[in-house]
Structures are given as C-alpha cells and as structure tokens.
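Just below is one structure, and these are the notes that go with it.
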C-alpha cells in the first residue's frame with residue numbers, strides 16, 4: 001500500500017508489517033482448501049483470520065504504550081490462540097458433516113462477499129500517525145468480518161462441536177468492537 005502522508009518511522013514500521021499481515025491473511029483465506037462441508041470451510045478460512053488478529057496484536061504490542069490497548073491485544077492473542085487450537089482439534093470430526101451443493105453455494109457466496117468487504121475496509125482504514133488509532137480502525141472491520149462469517153455459518157447444518165466456537169466468536173468480538181469504538185472516540189476527543 002502506498003501511503004500519501006509523511007509518517008514517523010514508528011508508524012511506517014507498524015504500517016509496513018500490518019500490510020504484510022493483511023496480505024498474508026487475505027491470501028490464506030481466499031485460497032483455503034474448501035470441501036463439501038460448511039463446517040470444514042469455516043474452520044479452514046477462520047484459522048488464518050484468527051492468526052491475522054494475533055499478528056496484528058503482536059505488531060501493536062511492539063509500539064503502543066496505551067495500557068488498555070495492550071491488555072486488549074493480549075486478550076485477543078490468548079482468545080484467538082485458544083480458538084485456533086479448538087478448531088484444529090475438531091476439524092476431522094467436523095469434516096464428516098456434509099452439506100448440499102445449494103447450501104454450499106449460498107454459504108460460500110455470502111462468506112466471499114463478507115470477506116471482500118472486510119479486506120477492503122481493513123486495507124482502506126483511515127491511517128494517521130497514531131498507531132493506537134490505526135490498530136483500532138483496522139481491527140474493528142476484522143472483528144466485524146468474523147462476526148458476520150460466524151452468523152452466516154450458524155444458518156446452516158453444521159458440526160455441533162463448532163456451534164460453541166461460533167457463539168464465542170460472536171459474543172467476545174462484539175464486546176471487543178464496543179470497547180474499541182469507545183477507545184477510539186476517547187482518542188479522537190483528546
């Protein structure tokens with residue numbers, strides 16, 4: 001991504017690594033190996049999505065001194081590492097739940113649209129010399145994408161073991177989006 005403004009070295013370093021994270025996440029989610037199982041497809045696309053959030057949080061932790069954001073980044077790393085582990089553990093069993101071609105087509109069409117919107121919003125998030133604000137403006141569409149993909153997945157016949165994972169993603173990431181919106185409003189007022 002070309003940046004039109006002059007940013008500090010810290011901001012440029014943060015943004016350069018963010019661009020790599022976003023590129024890798026986009027590529028891995030877009031080219032995930034899909035099957036005739038919506039449960040499988042969700043997991044194979046959500047693992048790189050979660051890994052992207054982990055890497056974004058680690059990137060922030062290199063530069064921020066904002067304690068509430070440090071705590072949120074650590075929470076994201078812990079929660080999404082646990083979720084990845086859980087998804088990997090249930091993947092083989094979830095593969096056994098197959099879906100009709102019609103359901104697969106509807107699911108994947110909607111998921112693709114959600115992903116494209118998320119990638120676009122993350123790529124074009126407002127960028128300033130404030131790394132903290134940048135992180136929040138990048139992470140909000142990331143979390144909103146996970147929520148929307150999870151809600152879409154719940155509309156179909158899926159592996160029962162996947163349902164609590166989806167519920168956790170929706171609940172925890174909605175709460176984090178609300179917190180980030182509050183933090184961003186506070187930062188913009190200061």
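Coordinate-derived values only; no laboratory data. The shown structure was predicted, so the numbers you read here are calculated from the model rather than taken from an experiment. A quick note on method: Cβ atoms are made from the backbone with ideal geometry, for glycine too, and the neighbour counts reach across all protein chains shown.
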(request) Mind sorting out which of (i) 0.96; (ii) 1.32; (iii) 1.05 is the real Cα Rg over 2.2 N^0.38 Å computed from the coordinates? (result) (iii)
(request) Hey, for a label at residue 27 modelled as a point 7 Å past Cα toward Cβ, could you say which residues of region 51-93 have their backbone N under 16 Å away? (result) 51-52
(request) Taking the chain as the reference, fit the longest principal axis to its C-alpha atoms, fit the long axis of helix 67-94 to the helix C-alpha atoms, and give the angle between the two in degrees, 0 to 90, nearest 10. (result) 20 degrees
(request) For helix 9-30, report the angle its Cα long axis makes with the longest principal axis of the Cα atoms of the chain; keep it between 0 and 90° and round to the nearest 10°. (result) 10 degrees
(request) Starting from the Cα gyration tensor of region 64-128, take the square roots of the eigenvalues, sort them a ≥ b ≥ c, and report rounded, prolate or oblate (rounded when a/c is under 1.5, otherwise prolate if a/b is larger than b/c, else oblate). (result) oblate
(request) Would you calculate, for the chain, the mean residue ellipticity at 222 nm contributed by helices, counting each DSSP H stretch of 4 or more residues as -39,500 (n - 2.57) and dividing by all residues, to the nearest 500? (result) -27500 deg cm²/dmol
(message) Just to confirm the number: angle between the C-alpha axis of helix 38-61 and the first principal axis of the chain, 0 to 90 degrees, nearest 10?
(response) 10 degrees
(request) Before anything else, pin down the relative contact order of region 58-190: Cα pairs under 8 Å, at least 6 apart, normalised by residue count, whole percent. (result) 28 percent
